[in-house]
Amino acid sequence: MTAPSIPNLPGLSRERLKTLFAELGEKPFRAEQVMKWIHQRGVLDIDVMTDISKVLRERLKQFTEIRMPTVVEDYASDDGSHKWIIEVASGSRVEMVFIPEAGRGTLCVSSQVGCSLDCSFCATGKQGFNSNLSCAEIIGQLWWANKQLGAFVDGAERQVSNVVMMGMGEPLLNFDNVMDAVNMMMDDCAYGLSKRKVTISTSGVVPAIEAMRHHTDASIAISLHAPNDELRSQLMPINRKYPISELLCAVRSYMESLPDKRVPVIEYTLIAGVNDHRQHARDLAVLLEQFPCKINLIPFNPFSPCDYRRPSGSSVTNFRQILQKAGYTVTVRTTRADDIGAACGQLVGDVADQTSRSDRHKNKAAKEAGKVFEASGNQAKATDNLAVAADRL
Ligand code: SAH
Ligand code: SF4
């Protein structure tokens with residue numbers, strides 16, 4: 001049996017912290033105090049948390065820890081974007097990207113080291129899967145961005161207004177940690193972001209989309225990239241397990257479960273000569289006729305080794321116009337930060353485990369996707385760890 005890990009305070013949601021304090025015989029409001037110190041004031045030293053009694057601070061120091069991932073590189077783009085390289089516990093490095101725009105600042109956050117799903121157009125997918133990030137390593141990206149951008153200084157305005165889980169990895173294959181992290185992003189005792197501004201992007205892990213309603217009310221974006229199953233399966237192996245009709249059905253149910261009216265974003269990466277013909281646009285318009293959504297077109301970002309090409313400006317315009325004429329709200333993602341290798345799909349980080357991709361990834365994408373609820377065992381494990389740690393107090 002492996003030794004239980006010590007509870008890491010930044011990675012504990014409000015509910016989990018309350019459980020911890022209950023086990024310590026403390027009042028639930030302690031959870032809110034600790035969250036505010038860490039996530040709103042940026043404090044990682046328990047001794048600085050002066051509204052907590054000295055006795056309790058000593059117990060926290062003895063039986064819990066505060067461990068954040070570390071920023072090891074900061075690349076600043078000419079356009080004001082940043083790419084930060086984060087080192088996580090496994091020694092691997094992942095990437096997050098901050099994109100400032102008029103009236104908002106978007107942080108693109110990673111959820112895994114690598115990705116098992118092997119989409120043919122994605123640099124992260126080419127690495128294969130290495131490991132899941134812990135909740136602290138996911139929320140720690142937002143913490144670091146705030147710190148780097150000066151948000152913890154008294155009176156400073158927060159620059160990160162939006163978070164998109166569009167960095168490295170498939171968020172819904174790291175379900176429990178991602179759910180806890182996005183809920184903390186929206187928690188008023190932590191970052192207090194609007195649920196319309198925290199978006200989980202998924203390639204379509206259907207059982208996990210079905211489960212989301214029980215765990216969060218964050219917004220969702222779907223990586224579709226093709227108007228039919230044949231083409232989508234060629235680009236995204238996960239489609240062989242969860243075809244388009246099942247995916248749209250699961251997303252519709254999730255949207256209907258939300259207390260407010262919101263629509264999902266359909267992401268469509270345009271690859272020259274592959275999925276960017278006018279007929280693809282017309283087929284997409286028909287496919288989504290009865291499916292309320294916004295469409296975001298992403299011109300393919302090239303990387304090596306990958307032979308796909310970026311479409312011409314006119315082909316992107318034609319595609320967009322066909323969809324707009326059919327009545328859709330369409331945005332085209334402007335490429336930002338590609339001078340620092342931080343555009344969509346270019347994130348690769350640095351995997352500590354150099355085992356070959358094929359060895360690490362004997363499991364095929366669809367098989368991995370089917371395992372999502374085995375992965376949910378994490379939740380039980382984390383709770384066990386708390387209970388065991390509390391027993392020792
Ligand atoms: N795994 C999740 C989130 C990470 S990928 C998902 O697939 O949705 C974030 C977005 O970048 C996805 O829409 C993905 O399809 C897109 N993307 C990946 N590689 C790309 C590339 N080379 N060029 C443009 N977009 C890319
Ligand atoms: Fe994974 Fe998303 Fe890249 Fe596909 S596009 S390989 S799901 S990170």
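The values are calculated or read from the model by the stated rules, or taken from the named source; none is laboratory data. Here the structure is a predicted model, which is why all the values come from computation and not from measurement. Here the Cβ is made from the backbone with ideal geometry for all residues, glycine too, and neighbour counts use every protein chain on show. Please note that ligands, DNA and RNA were not included when accessible areas were found on the heavy atoms of the full protein model with its side chains. Shrake-Rupley method; radii C 1.70, N 1.55, O 1.52, S 1.80 Å.
Some observations on this one:
- Relative to the Cα centre, the charge distribution of segment 9-63, modelled as +1 at Lys and Arg Cβ and -1 at Asp and Glu Cβ, gives a dipole magnitude of about 60 debye.
- Overall form of segment 70-358: rounded. Here a/c, set by the Cα gyration tensor axes a ≥ b ≥ c, is under 1.5.
- Euclidean distance between Cα centres, segment 51-110 to segment 189-246, Å: 25
- Cβ-defined net charge surrounding VAL263, 12 Å radius [Lys, Arg +1; Asp, Glu -1]: +3
- Inter-centroid distance (Cα atoms) of segment 164-187 relative to segment 1-48, Å: 19
- Among GLY103, GLN159, ALA89 the positive-end extreme of the charge dipole of segment 41-168 (Cβ point charges): ALA89
- Among the listed pairs LYS36/LYS195; LYS36/LYS61; LYS241/LYS325; LYS36/LYS261, those whose Cα-Cα separation exceeds 23 Å are LYS241/LYS325; LYS36/LYS261.
- Shape call, segment 9-63: gyration tensor on alpha carbons, a/c limit 1.5: oblate
- Within segment 70-358: Cβ-based charge dipole about Cα centre, in debye rounded to nearest 20 (Lys, Arg +1; Asp, Glu -1): 920
- The Rg/Rh ratio of segment 206-254, with Rg taken over Cα atoms and Rh as the Kirkwood radius over Cα pairs, comes to 0.99.
- Computed over segment 9-63: relative contact order in percent, which uses C-alpha pairs under 8 Å that are six or more apart: 24
- Accessible-area composition of segment 70-358, carbon plus sulfur, in percent [1.4 Å probe]: 47
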